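Novice: One structure follows; several queries about it will come next.
The values are calculated or read from the model by the stated rules, or taken from the named source; none is laboratory data. Bear in mind the structure is a predicted one, so any value in this text is a computation, not a measurement. Cβ placement follows ideal geometry from the backbone for every residue including glycine, while neighbour counts extend to all protein chains displayed. When the accessible area is computed, the model is the full protein with side chains, heavy atoms only, and any ligands, DNA or RNA have been set aside. Shrake-Rupley method; radii C 1.70, N 1.55, O 1.52, S 1.80 Å.
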Amino acid sequence: MPRTAVVILAAGKGTRMRSERPKVLHPLCGRPMLAYVLETAAALEPAETVVVVGPEADETAALCEGWPGASTVVQDHQLGTGHATLQVRQRLERFGGDLVILSGDAPLLRAETARSLLAAHRQEGAALTCLTMTPPDPTGYGRIVRDGDGAMVGIVEERDAKEPERAIGEVNGGIYCADPKVLFPALEELRPDNVQGEYYLTDLAGAVAAKGLTVVGHRAAEWREALGVNSRADLARVARLMRERINARHMEAGVTFIDPEAVYVDDTVVIGQDTVIHPQVHLWGETTVGRACELWPGAHIIDSRLGDEVLVKDSSLITDSEVGSRVQIGPCAHLRPEVILRDGVKIGNFVELKKSEMGPGSKANHLAYIGDTTVGERANIGAGTITCNYDGIQKHRTIIEDEVFIGSDTQLVAPVRVGRGAIVAAGTTITEDVPPYALALSRAPQVNKEEWAHNHWAKRDELKATESDDEED
Ligand code: UD1
Ligand code: CA
């Protein structure tokens, strides 16, 4: 089995992104762009992966160093892709296999395409093999120059290209296989004789071909795979294609998307079979959705786990929470971090929860704030209930035991405990613990003044009469 080592070029400044953040760390469907390239590299099972990073790219280096089998070298000055590749010379010039050179800004490349590039390289006994593509618009890419027999003889960068070369539709994908014995000596010979004054890796194609060695232009089966990200517009285009790929993967695994183009699922998300996802749903981060769930329009779920047969209704936000099976949430519910809803819980409209647990079968169906609270099983929390968890200095916990009934418009001033099976009357302000099976009520007794309203309405009629007299004047 011939051996492979991977080089990833990721030191570029990414000037065209106009960003404080290194280009290769821009997020793409929930992961930094470079993570996809590292993953493709790993799928080639290389002897090692070396990433060329910029001098102040600590975060980029940290991502790579934490990646199994990957390490970094620093390119102190960004003098071009040829110069970047030369930085791995010490590490790889004695490597006895093939080098695969990937670009940190081309995250759509699939491992099978890199493998087919490698296979072509080996089959042709090439010194250098370039992945090429023919996009509908070649603007911005290096053009592939072939001779009359179709053999690749060089690459011309767009900025250095003359009219006839600009008309060439086949472009350089920026992904290569190379023989290290040929690559490094040829890189040493590069000169920055071009419009940008850079050491172009692409000049190698002409240089190697001129030595009479074989240079192969291997056409990618799918041109979109080599799309590079240079600008925010490229990032949006690549993100759309990545989303398409992610959603297709879930559909193949048995998830229904009513309109896949309008659903935003991070690459890190897991979704169970027979789940139905409506438009404008966002699933971000380390989120897991169980089987046969239904996510209605506008459900936004971040770093949360949902069990099976969960229904999330329109415009509900769920963050960093744990949801059991057969739970209903929303419309317009808000689960803030550290919420746990056990099986069969119902959370209705305009209910906000934070750092709280609701036991199996408990309900809060309308307009409530439940913070720093533990609710037992089958409790019912009435409309307008508020846990007053904050005294302006500290947060305090509320405990509502099993089968408690909390009437509407109740305030629970924490810390407080409502015992099992107790009933809290509507409109009550709870400031002391309620014993199990007690009725708690704190509202002022009601007074009815018999016949009182007659006088009141008589005054209204009098007033009306004088008004209409005025009108007649
Ligand atoms: C490059 C190719 C072009 C090809 C295109 C495909 C060159 C000269 N041109 O152009 O033919 O069509 O990719 O997407 O190679 N980098 C470094 N150090 C540097 C400069 C760049 O590590 O000094 C890295 C970047 O981080 C990036 C990659 O190399 O990941 C490509 O560099 P970039 O500047 O994006 O090259 P393009 O102009 O896109
Ligand atoms: Ca690029």
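Novice: Quick one: order H366, H282 from most to least accessible surface, probe 1.4 Å. Intermediate results must be reported in sequence, preceding the final value.
Specialist: Numbers: H366 90, H282 45 Å².
Highest to lowest solvent-accessible surface, that is H366, H282.
Novice: Count the net charge of all other residues whose Cβ sits under 15 Å from the Cβ of Q196, scoring Lys and Arg as +1 and Asp and Glu as -1. Walk me through the numbers before you get to the answer.
Specialist: Values: positive: K13, R16, R159, R191; negative: E157, E158, D160, D193, E198, D203.
Residues near Q196 contribute -2 overall.
Novice: Right, here's the next one. If you place +1 on the Cβ of every Lys and Arg and -1 on the Cβ of every Asp and Glu, how big does the dipole about the Cα centre of the chain come out, in debye to the nearest 20?
Specialist: Working: 49 positive and 70 negative charges, 311 e Å.
In total the dipole reaches around 1500 debye.
Novice: Quick one: what are the phi-derived ³J(HN,Hα) couplings along the range 255-266, Karplus 6.51/-1.76/1.60 with θ = phi - 60°, whole Hz, x for glycine and proline?
Specialist: Calculated HN-Hα couplings, in order: 9, 8, 10, 5, 8, x, 6, 10, 10, 10, 10, 5 Hz.
Novice: Taking the full set of protein chains and a 1.4 angstrom probe, give the accessible area of E163 in square angstrom, rounded to the nearest 10.
Specialist: Accessible area of E163: about 140 Å².
Novice: Give the dimensionless ratio obtained when the Cα radius of gyration of the chain is divided by 2.2 N^0.38 Å. Mind showing how you got there, number by number?
Specialist: On the way: Rg = 32.9 Å, N = 473, 2.2 N^0.38 = 22.8 Å.
Rounded to two decimals, the normalised Rg is 1.44.
Novice: May I pose another question? How much of the accessible area of the chain, probe 1.4 Å, is carbon plus sulfur, in whole percent? Kindly include the intermediate steps, with their values, before the conclusion.
Specialist: Working: 11550 of 23190 Å².
Summing carbon and sulfur atoms, their accessible area is 50 percent of the total for the chain.
Novice: With every protein chain left in place, what is the accessible area per residue of the range 3-226 in square angstrom, probe 1.4 Å? Before the final figure, lay out each step's value.
Specialist: Numbers: 10030 Å² over 224 residues.
Accessible surface, normalised per residue, equals 45 Å².
Novice: Quick one: net charge around L317, please, counting Lys, Arg +1 and Asp, Glu -1 for every other residue with C-beta under 14 Å from its C-beta. Write out the running numbers ahead of the final one.
Specialist: On the way: positive: K313, R336, K354; negative: D303, D314, D320, E352.
With Lys, Arg at +1 and Asp, Glu at -1, the net is -1.
Novice: Related question: Give the long-range amide H neighbours of D98: residues separated by 5 or more places, or on another chain, with amide H under 5 Å away, using H modelled in the peptide plane at 1.01 Å from N.
Specialist: Here the answer is R3, T4, A5, since their amide H atoms fall under 5 Å of that of D98.
Novice: Considering only V215, A414, I168, whose Cα is most displaced toward the positive end of the charge dipole of the chain, charges sitting on Cβ of Lys, Arg (+1) and Asp, Glu (-1)?
Specialist: V215
Novice: Also, quick follow-up: Leaving ligands, DNA and RNA out of it, work out the accessible area of T374 with a 1.4 Å probe and give it in Å² to the nearest 10.
Specialist: 50
Novice: Hey, what's the range 255-440 come to in accessible area per residue, 1.4 Å probe, Å²?
Specialist: Details: 7840 Å² over 186 residues.
Dividing the accessible area of the range 255-440 by its residue count gives 42 Å².
Novice: From largest accessible area down, sort F350, F95; use a 1.4 Å probe on the protein chains.
Specialist: On the way: F350 125, F95 25 Å².
Result, largest first: F350, F95.
Novice: Can I ask one more? Need one value: the accessible area of W457 in square angstrom, 1.4 angstrom probe, rounded to the nearest 10.
Specialist: We get 120 Å² for W457.
Novice: Still on this structure, I have one more. Please report the equivalent ellipsoid semi-axes of the range 255-440, computed as sqrt(5 x eigenvalue) of the Cα gyration tensor, largest first, in whole Å. Intermediate results must be reported in sequence, preceding the final value.
Specialist: Details: eigenvalues 206, 44, 34 Å².
Equivalent-ellipsoid dimensions as semi-axes: 32, 15, 13 Å.
Novice: Calculated from DSSP H runs of 4 or more alone, at -39500 (n - 2.57) each and per residue, what is the 222 nm mean residue ellipticity of the chain, nearest 500? Each step should come with its number before you reach the end.
Specialist: Values: 10 runs with 105 residues, N = 473.
Using -39500 (n - 2.57) per qualifying helix, the result is -6500 deg cm²/dmol.
Novice: Which percentage, to the nearest 5, of the DSSP beta bridges contained in the chain is antiparallel?
Specialist: Working: 16 of 99 bridges.
Roughly 15 percent of the DSSP beta bridges within the chain come out antiparallel.
Novice: Under the classification rounded if a/c is under 1.5, otherwise prolate if a/b is larger than b/c and oblate if not, where does the range 3-226 fall, given a ≥ b ≥ c as square roots of the Cα gyration tensor eigenvalues? Don't jump to the answer; show the numbers that get you there.
Specialist: Values: a/c = 1.40, a/b = 1.25, b/c = 1.12.
In terms of gyration-tensor shape, rounded.
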